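Before any comments, here is the structure.
The values are calculated or read from the model by the stated rules, or taken from the named source; none is laboratory data. Keep in mind it's a predicted model, so treat the numbers as computed, not measured. We place every Cβ from the backbone using ideal geometry, glycine too, and count neighbours over all the protein chains shown. These area figures cover heavy atoms from the full protein model, side chains too; ligands, DNA and RNA do not enter into them. Shrake-Rupley method; radii C 1.70, N 1.55, O 1.52, S 1.80 Å.
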Amino acid sequence: MPVLENTLQDLRIGARSLRKNPVITAIAALSLALGIGANTAIFSLIDAVLVKMLPVERPNELVLLTDPNSHGVSIGTESGVRQLLSNGEYQHIRDGQQVFQGMYAAESDVERVSASIDGGAPEDVHPRLVSASYFAVLGVSPAIGRAFSPADDQAPHNAPYAVISYAYWNNRFGGRPDVLGKIVKTAKASLAIIGVAPQGFFGETVGQPTDLWVPLMMEPDLKPGRDWLHDDESTVERVMWLQVMGRLKPGVTMKQAQAAISVLYQQILSGYRVPGLDAEHRREQLDQKLQLHPGARGANALSEQFAQPLMVLMTLVGLVLLIACANIANLLLVRAAGRKKEIAIRLAMGAGRLRLSSQLLTESLLLAAFGGAAGVLFASWGTRVLLRLVSSGPDPVALEIHTDARMLAFTAALAIVTGILFGLAPAFRAARVNVASTLKENTRAVSGSGSRVSFGKVLVVVQIAVSLLLAIGAGLFVRTLRNLQNVHLGYARDRLVQFSIDATTAGYKSAPAANLYLRLLDEIRAIPGVKNATFSQNGFFSGSESGTRLYVEGYTPAKPGQTNARFDNVGPDFFSSLGVPILRGREIGRQDTGASTPVCVINQTMAHDFFDGRDPLVKHIKDLFPGSKGEYEIVGVAQDVRDHNLRGNIPRRFYVPAAHGLPDVPEFVNFQVRTLADPSGVVSAIRRSVRQIDPALPIGSIRTLGELVDDRVRQERIVAQLSTFFGLLAMLLASVGLYGVLSYAVARRTNEIGIRMAMGAQHSAVVWLILRETLLLVAIGAVIGIGSAAALGKLVASRMYGVTPSDPLTTAAAAAVLTVIAMFAACFPALRAARVDPMIALRVE
């Protein structure tokens, strides 16, 4: 077979040629390994987060009835498209639908729970409550033991079982088969392990670790003090906490399922008869709908947070690979120039130009294969680094990324494409060698047409432009991160720690809970080293938020719904303890008890929006949530603070005493403690104080405000760190390409430089000759790069904070750094040119 023989021959010749030039081969392979490895690592993460289907049976049949990106618990009411469902709503839909073979409900979020295994020491586990149909609908069979049965869905407290994940089985129990029957005991639940999920199955939610799945009927035991299994259909309030998924019946399309579920859900909503509901709230109750989503990829705890940053990083590493390709093309062009005599002789002896081009292209593909193989190793390391960056913070991220056939196929395709990209130019140039003129050239002279050098310079300009684009982007992302970390919060962030107390789980309700919070506050304030302390329900940057619609005395909204505001339940001396100024009136104090007149403090934004030009003090606001009787007198106006988000406008907010509570005394609160010195010195004392009051009180992790703010900028930190790394890598590759082109240019101009020096040119003039050429290339590339950055910056403008995409300081700094690196790379060829011996150069001539 001539084709096969030619290919094998090309491979042998290519391997021999690469072996003869180990330096060029090593530089090219390393450049490719970095470019291909970075692209493969980012793609691996994108695949795991956004692309890969659930490891379940026939995933394309699955449909989510809830928002795949929603997680947590929402208590109250919603209008428009529902994000999550209550258990009562799930049961109504499950029993009334006709389009799914089966349905399941799963807790939308996973929390860390302290548990003991077979009577051992307490340890953290991550349980997820699911309906008994969970494994059956997904088509997942346990590796050992059994899954849940329909009987496990019949009554609360009646299914004390757990199926553990394969990873947890290996990590915690060493994969031992005697795990079945072991007891996992939490505060109120004792769960017998009845099965182990199959290897590779992580659940229905990407990015959230699940150690054990527990029947939904065990909710009152796993979450003591809360009954989220039953809806009170005499009110509009719901506990929305479940992701719901169904498997389509054969022949039923997504469109048909959407129509049927929409009709069924409206019938369910119409069937609720809430007494005393006015017409407006009745319309709001009916203004709800379900939007079905493809369920093949499951729910996702990471896409909303990391989808856009990952796409930005994929673009960055794609540009780095483009620079690497241009770099290698330059190296191969220089190498091809040195082989011009060889190629001319082969053409003169009858070799076909197409055959020679094919051979050179095969050599490029072989080089790409080496780079791709090394890139797989680099990608494996890079993926681990990316996972550590993504997983940094208090919320664990469960992603298993392996080098499978799909990743190898992606790497192979990338290597082939890049091999063709950087191999075409040298192959094309080599095939155009003029045989007669080349054979007439002096064998000792380094000569050639200027066009080849010009093409190499074009590639260098492209490299400089792209690397400057990446450098400017990195600078913008770094400045955004710094601006967010230093944003003014409205209170001092130093020596401030926060932790949560869950009173409901420990059995405290209403007035006893309010008394508990005050008692804890007194104990914490008495700890040596504590400067002050207070508490609030939602806390700072905790992810918990509350909002409602208000009647505001003396304010008439232009449109319905324009009196929405956020609120928080706070402890006494909340503002003075944190150092937040009260601009008018007074703050909430010890005198604001459950027996006193209900009062509130509003923030500046709320005072401006509702009372612009009027005095808000002694005015009243009233909660318009159906069934609420909350009415409060405004006694103070506090300075605006940032306590939930670092970006965007500060929302309207009002604060009510926790003793009054809106709508009731909080089930949990977050304590904020200001210390006199390093907070780590009082952490253990805080825990002791809580345990002394009630050992059953669950206490959350104690974290500094700095750590809480850092969690909010995790995306920005990842993008800033990686864009800086890739920007520097791009500059390094560009400088290598510049060095190669200039070195070749100096070699070609040996005769010219010798003549100049023989005629009296100084060394400095020769050096400046090369540096001037470098500056011209840098200037052209900088103009293109800056223009491209200004144009493309609009695509990532939403990720900027405190800086514009065309920021002159960032642009100037990036251009200056690139110029310094480029001039450093040019110094070596320039100094080599200055050392040319005129006599040797003239003798060659």
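Values as computed for the structure displayed
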item	result
Once the Cα gyration tensor of the range 48-196 is diagonalised, semi-axes √(5λ) in Å	28, 19, 17
Using a Förster distance of 56 Å, the FRET efficiency for residue 794-residue 192 (Cβ separation, nearest 0.05)	0.45
Euclidean distance between Cα centres, the range 150-183 to the range 505-536, Å	37 Å
Low-density loop cleavage sites - GluC sites (Glu not before Pro) in the range 192-269, where at most 16 other Cβ are within 10 Å (DSSP)	233
Those chymotrypsin sites (Phe, Trp or Tyr not before Pro) in the range 495-570 that DSSP places in a loop and that have at most 16 other beta carbons within 10 Å	none
Bins of 5 Å from zero: percent of alpha-carbon pairs in the range 267-312	5, 14, 16, 12, 9, 10, 11, 12, 7, 3, 0
Three principal axis lengths of the range 496-573 [C-alpha, angstrom, descending]	53, 29, 25
Accessible area of residue 230 in the full protein assembly, 1.4 Å probe (Å², nearest 10)	120 Å²
Stokes-Einstein diffusion coefficient of the range 615-733, Kirkwood radius over Cα pairs, 37 °C, 0.692 mPa s, in µm²/s	170 µm²/s
Calculated log₁₀ intensity ratio I(q)/I(0) where the Debye formula runs over C-alpha points of the range 142-250, q = 0.15, 0.24 Å⁻¹	-0.74, -1.42
Three-way shape label, the range 196-286, alpha-carbon gyration tensor, a/c 1.5	oblate
